[in-house]
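Data block below; observations after.
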Amino acid sequence: MKAQIKLGRIFGVEIGLHYSWLLIALLITFSLAGTFHKNNPGWSDELRWGLAIVTAILFFASIVVHELSHALVAKLRGLPVRSITLFALGGIAQIEKEAADAKTEFWMGIIGPITSFVIGAICLAITIALGWTPPEFPQRPLPAMLMWLGLINIGLAAFNMIPGFPLDGGRVLRGIIWWITGNAKRATTIAARVGQVIAFAMIVYGVFQFFRGAGINGLWMAFIGWFLLSASRESYAQMVISEGLRGLLVGDVMSRDFPVVDSYTNLQTFVEENLTRTGQRFWVVTLNGQPEGIITPNEIGAVPRNRWPYTTVADVMRPLDATRTVNPNTPVTEALEVMAQQDLNQLPVVSEGGLAGLISRSHILQLIQTRAQLHL
Ligand SMILES: [Zn+2]
């Protein structure tokens, strides 16, 4: 989920919107304007629409605060947080690493619902202080807005505590099982299963309600269930990968034989004799046998074709000292993060100033498959 509209940074965390958010923002504003009209028909159109827009904005601000609370706990526990993105079904804090221990997982999960609950409770307390007597709908704009914000935030806290991945409750459940059993793998499996059962039950119940005449509410529930089901599968797969790679170092899995090309070779020859014949995309450029840089089809694509015979690979290569590298003692998970951040498929492995090998995404993927097949 990548943000398409960037809003700015808070505590060094980038806040952004996904396009799907616009749809839900419109829906919420319209439904709020309708609710205000139904309960206070005396309000002017300007008042109810203005209030609906302000309320919707504050609602999304409270989702950002919820996500920021996850981000802050992650940061305090040493996990880097890249961004927070709002989309149709809420917010996501993109945390670049998985929790390394059960307590971190537990606190990172539970802080979100706690934050939403506190925001909700404060809103409701102010509404009551302003003279609201539940359950009637407040007649004045400010209490009407605060009451809605209070109820929706408490609802949000409750929904997020559903113990299924990738909801906060799923993390909390995983943290607790991990804490008790000391087994992260087992905790992941159990939390993912529970999440899938709940998501499946939501789909069945939603469809059932729809056919009993609940209309759009039934379908909405089934849709959220379906979303949870696919999201839980995805986050489960991701976690299995990072657990499968735990403890592995780059030096254990790098390939030591990599294709080399002499730095004086011109691009025409290189493309015809090497690149298109071997299928290798990542070449090490050497001068007198010493690695100087790397070259991939990306660098060649930037040179016009008629210049290929007059350009050497050394002219366009990425020099080794200007390239992001890892060393044999780097954890494989970290190398994968670097590749993801820089949008690369391979990284040179450098040891004691020299090139020791290469590590590639496809190679790591094969490794995971092999290990999974043998239940390692
Ligand atoms: Zn959350």
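The values are calculated or read from the model by the stated rules, or taken from the named source; none is laboratory data. From a predicted model like this one, the values you see are computed outputs, not experimental measurements. Every residue, glycine as well, gets a Cβ built from its backbone with ideal geometry; the counts of neighbours run over all protein chains shown.
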Exercise. Can you work out which of the residues in region 70-80 that are more than 11 Å from the ligand (Cβ to nearest atom) and crowded, with 17+ Cβ neighbours inside 10 Å is farthest from the chain's Cα centre (by Cα)?
Key: Arg77
Quiz item: Across region 266-291, what is the total count of residues that are within 15 Å of Ala314 (Cα to Cα), assigned to a loop (DSSP other than H, G, I, E, B) and free of Cβ contacts under 8 Å to residues at least 60 places away in the same chain?
Solution: 2
Self-check item: Residues satisfying the stated conditions in region 312-322, i.e. over 15 Å from Val271 (Cα atoms) and either touching a Pro at 6+ places or on another chain (Cβ under 6 Å) or aliphatic (A, V, I, L, M) (or both)
Solution: Leu320, Ala322
Exercise. Looking only at region 215-233, decide whether some residue is buried (at least 19 other Cβ atoms within 10 Å of the Cβ), charged (D, E, K, R) and either within 18 Å of Gly91 (Cα to Cα) or more than 16 Å from the ligand (Cβ to nearest atom) (or both).
Key: no
Quiz item: So how many residues does region 24-56 have that are without any contact (Cβ under 8 Å) to a residue 12 or more places away in the chain and not in a helix (DSSP H, G or I)?
Solution: 3
Self-check item: Residue identified as part of a strand (DSSP E or B) and surrounded by 15 or more Cβ atoms within 10 Å (Cβ to Cβ) among Ile300, Ile294
Solution: Ile294
Self-check item: Which numbered condition Ile126 misses (of (1) at pLDDT 90 or above; (2) over 19 Å from Asn160 (Cβ atoms); (3) within 16 Å of the ligand (Cβ to nearest atom))
Solution: (3)
Quiz item: Looking at this structure, is Thr265 closer than 30 Å to Leu365 by Cα and β-branched (Val, Ile, Thr)?
Solution: no
Quiz prompt | Pairs where the first residue, in region 72-86, is at positive phi and the second is of a type in the set (A, V, I, L, M), C-beta under 9 Å, 6+ apart | solution = Gly78/Ala100
Quiz item: Are there any pairs with C-beta distances below 8 angstrom linking a residue in region 119-140 that is without any contact (Cβ under 8 Å) to a residue 40 or more places away in the chain to a residue that is of a type in the set (A, V, I, L, M) and not in a helix (DSSP H, G or I), with the two at least 6 apart or on different chains, and if so which?
Solution: Pro138/Leu130; Arg140/Leu130
Quiz item: Among the residues of region 242-258, is there at least one that is buried (at least 17 other Cβ atoms within 10 Å of the Cβ), over 29 Å from the mean Cα position of the chain (by Cα) and not in a helix (DSSP H, G or I)?
Solution: yes
Practice problem: Would you be able to tell me the number of residues in region 277-291 that are crowded, with 17+ Cβ neighbours inside 10 Å and out of contact with any helix residue (DSSP H, G or I) (no Cβ under 8 Å at 6 or more places or on another chain)? | Solution: 3
Practice problem: Pairs only if they're at least six apart or on different chains, beta carbon under 7 angstrom, first in region 57-69 and without any contact (Cβ under 8 Å) to a residue 60 or more places away in the chain and within 15 Å of the ligand (Cβ to nearest atom), second assigned to a helix (DSSP H, G or I) and polar (S, T, N, Q); list them, first residue then second. | Solution: Val65/Thr115; Ser69/Thr115
Quiz item: Right, Val65: within 13 Å of Val13 (Cβ to Cβ) and out of contact with any Ser or Thr (no Cβ under 8 Å at 6 or more places or on another chain) or not?
Solution: no
Self-check item: Enumeration of residues in region 81-121 that are within 10 Å of the ligand (Cβ to nearest atom) and either within 17 Å of Met239 (Cβ to Cβ) or small (Gly, Ala, Ser) (or both)
Solution: Gly90, Gly91, Ile92, Ala93, Met108, Gly109, Gly112, Ser116
Practice problem: Scan region 178-186 and give yes if some residue there is crowded, with 23+ Cβ neighbours inside 10 Å and either under 23 Å from His37 (Cβ atoms) or away from the ligand (no atom under 16 Å from the Cβ) (or both), otherwise no. | Solution: yes
